[in-house]
Every structure is written in C-alpha cells, then in structure tokens.
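Structure first, commentary second.
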Amino acid sequence: MSGDRKEVVKLLAEFSTIGMSVAFSIFIGVGIGYFLDHKVFAGRTSPWLTLIFLGFGVAAAFKNLYLMSRRKDL
Amino acid sequence: MEHPILFISFILERLGLPVPHGLVGDTVLAKLVSPHMTYTWLVMLFLILVPKLTLGKMTLVPGKGQNFWEVIIGGLEGFMADNMGKEGAKMMFPMLATFALYILVANMIGLMPGFMSPTSNLNITLACTLIVFFTTHILGVKFHGAGYIKHFLGPIPWLIPLMFPIELISHFARILSLSIRLFGNIMAKETLLGILFMLAGAYFAPLPILCLGVFVSIVQALVFLLLSILYFSAAMEHAH
C-alpha cells in the first residue's frame, strides 16, 4: 500500500470505533452503577448510583468524541 | 444458526463424542469438542504445519515458499514499525503477528462449506481481547512503573474524581468494542452465508457475499491488529 492509502486505512479503523465506544461507554457506566446499587449495597442506594454512573458513562463517551475531534493530524 | 454440515463435528460425533448442538456444551468434554474449539485447533494445525511444509530449507536466495512467508512477515513488521516504532514492534511482534495470522485464517476458513469461523463465537474474540487488554496495562506498568496511574487522572488535579471513573469506563469500553466488532462482523457473515446457501444455494446466491466475506475477513483482521497496536503505543508513551 502507498503512504496515502495506509493513512486512510488507519484513520478508518480508528474512527470506525467512535459509534461503538459511545454506546459501550454508556452501557458500562450503567452496568457498574447497577452492580453497585443491587449487589454491593443491596438496593439501599437504588437508584442513585445507577444514575450517577450513567452520567459518568455519558461523560466518558463525550470525552472520547471530544478528543477525537481535537486531533491535530487531520 | 450454524453451518448445515461441520465435518469435524460430524466425524467426532461418529466417534461417539458428545458434540454439543448449541454453541457451548455442558460438561468439560462437550466444551472441548464444541465446534469453535475444534476449528480453532484446525487453524492452529494449519498455521503450524503449512509454513513448515512450504518453507523448506532457509536459503540466502529465497525460493517460492520462503519468498511468500518473507513478504507476509516483512509486511506485518513494517506495518507495526510504522505505528509503534522499531523498538515496540520488535518487542510485541510475536504476539501481534500471531493474533493477525490467527484471526485472518480463522475468518477466512468459514468461507468454505464444511468449515466454521472460530471467531464467530464471542468466547474466542473475548479471549483475544482480554489478552490484549491485560498486555496493554502490563506494558504501561512496565514502562512507567507506578506513574502509569497518571494515564488515568487527566491533566487537571481538581478534576481527578471526575476523570478517574471516566477513564476507567472508556478503558473497559475498549474490551467490548474490540471483541464485539470482530464477533459481530464474522457472525453476520456466517449467518448470512448459511441462510443464502439454504435458500438459493443452487443458484449461486451466496457468491457476492462470499466476495464480501473475503474483504470483511481481511479488514477485520487488520483492524484488530491496528487497534491493539494503537492501544499498546498509547500505554507506552507518556501521559499528556
């Protein structure tokens, strides 16, 4: 592959992860919160930790998007 | 949904082994002879035997077989050296080249009737991804010692309680996205091929999907290789 093609393939591979990383970040946030709520604290804190970690998940998703959008080499 | 005929499972069933009809069996023996395990061993055998048979004696002026393998190994090493530097490529080459070749052959093998892609089972791809994930963090600790924690804390000190869970979540999202992408693409290919063979196999309906399957197999193997390279090099460089 020539230099240009290689660069394009690399960027494609990197940016094809955006959608999935957004979705999975949110799901993992909710999962951790749900686990803490129902398994660690046995439902006493429900539903607050789930909501807080949902917020963390969304923040993680947007942080990844923000970092991708600020890349200098594009 | 599985392929109609898996010849290894067929032979093993005739030998009296408890080949499971679902994805994973109940007992240890049934787990060992489930299709994705037996086909993984087939791919391993292929990758061990075929280079042994085709390589012949190593000579200074390469023959046909040696030339082929030199192009593949040289190409992989050049690709890795471009993305993570010569030193890193030298260190991580055995592991990553194994992953790339294994995933490539495992994806391609499902295109033949009677074979199945081991990577169309989430257990296989999750195992590969967990190895990459733990190696990333072992590399980080090896290169930075206890300072590796700075990778998780972000640039501003008073934002640490916010940044730490965010970074942890985005690291765990890597496991899911890496494993589910490979699994989803290959399982979609296998399922689509199975359905098309069943519906209109006599009229060559699966032919375009077979061509796309070759493309998807190569692209997914490359993407897995590239993303693990990126994760490794991110763990090796300094926190920003």
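The values are calculated or read from the model by the stated rules, or taken from the named source; none is laboratory data. As the structure is a computational prediction, the values presented were derived from the model and not from experiment. A quick note on method: Cβ atoms are made from the backbone with ideal geometry, for glycine too, and the neighbour counts reach across all protein chains shown. Heads up: the accessible areas ignore ligands, DNA and RNA and are worked out on the full protein's heavy atoms, side chains in. Shrake-Rupley method; radii C 1.70, N 1.55, O 1.52, S 1.80 Å.
For the reader, a short list of remarks on this structure follows.
- Solvent-accessible surface of the protein assembly as shown, averaged per residue with a 1.4 angstrom probe and all protein chains in place: 57 square angstrom.
- Its convex hull of Cα atoms gives segment A:3-69 a direction-averaged projected area, equal to a quarter of the hull surface, of 4.9 nm².
- Under the span-like rule (Cα at least 30 Å along the axis, Kyte-Doolittle mean at least 0.0), DSSP H helices of chain A: A:48-69
- Cβ-Cβ FRET estimate between B:Lys64 and B:Phe93, R0 fixed at 30 Å, reported to 0.05: 0.80
- At least 24 Å along the helix axis (C-alpha) and Kyte average at least 1.6, DSSP helices within chain B: B:207-236
- Percent RCO, i.e. relative contact order, over segment A:3-69, from Cα pairs under 8 Å lying at least 6 residues apart: 37 percent
- The calculated 222 nm mean residue ellipticity attributable to helices in chain B amounts to -25500 deg cm²/dmol, summing -39500 (n - 2.57) over DSSP H runs of n ≥ 4 and dividing by all residues.
- As a fraction of the 1.4 Å probe accessible area of chain B, surface on carbon and sulfur atoms comes out at 76 percent.
- Computed from the C-beta positions of B:Leu53 and B:Thr27, the FRET efficiency with R₀ = 25 Å rounds to 0.10.
- Mean-position separation - Cα centroids, segment B:103-129 and segment B:149-164, in angstrom: 39 Å
- Sum of -39500 (n - 2.57) over DSSP H runs of 4+, divided by residues of chain A (222 nm, nearest 500): -24000 deg cm²/dmol
- Relative frequency of Cα-Cα separations exceeding 30 Å in the protein assembly as shown, percent: 45 percent
- Listed by chain and number, the aspartates and glutamates whose alpha-carbon sits under 13 Å from that of A:Lys6, ignoring those within fewer than 8 places in the same chain, are A:Glu14, B:Asp82.
- Three-way shape label, segment B:1-157, alpha-carbon gyration tensor, a/c 1.5: oblate
- Note on segment B:170-240: Kirkwood hydrodynamic radius from all Cα pairs is 14.2 Å, rounded to one decimal.
- For segment B:8-158, the number of Lys pairs with C-alpha atoms closer than 19 Å, counting only pairs eight or more positions apart or on separate chains, is 4.
- Of the listed residues B:Lys52, A:Lys6, the order by accessible area with a 1.4 Å probe, largest first, is B:Lys52, A:Lys6.
- The label point for B:Leu130 and the one for B:Thr191, both projected 7 Å from the Cα toward the Cβ, are 2.4 nm apart.
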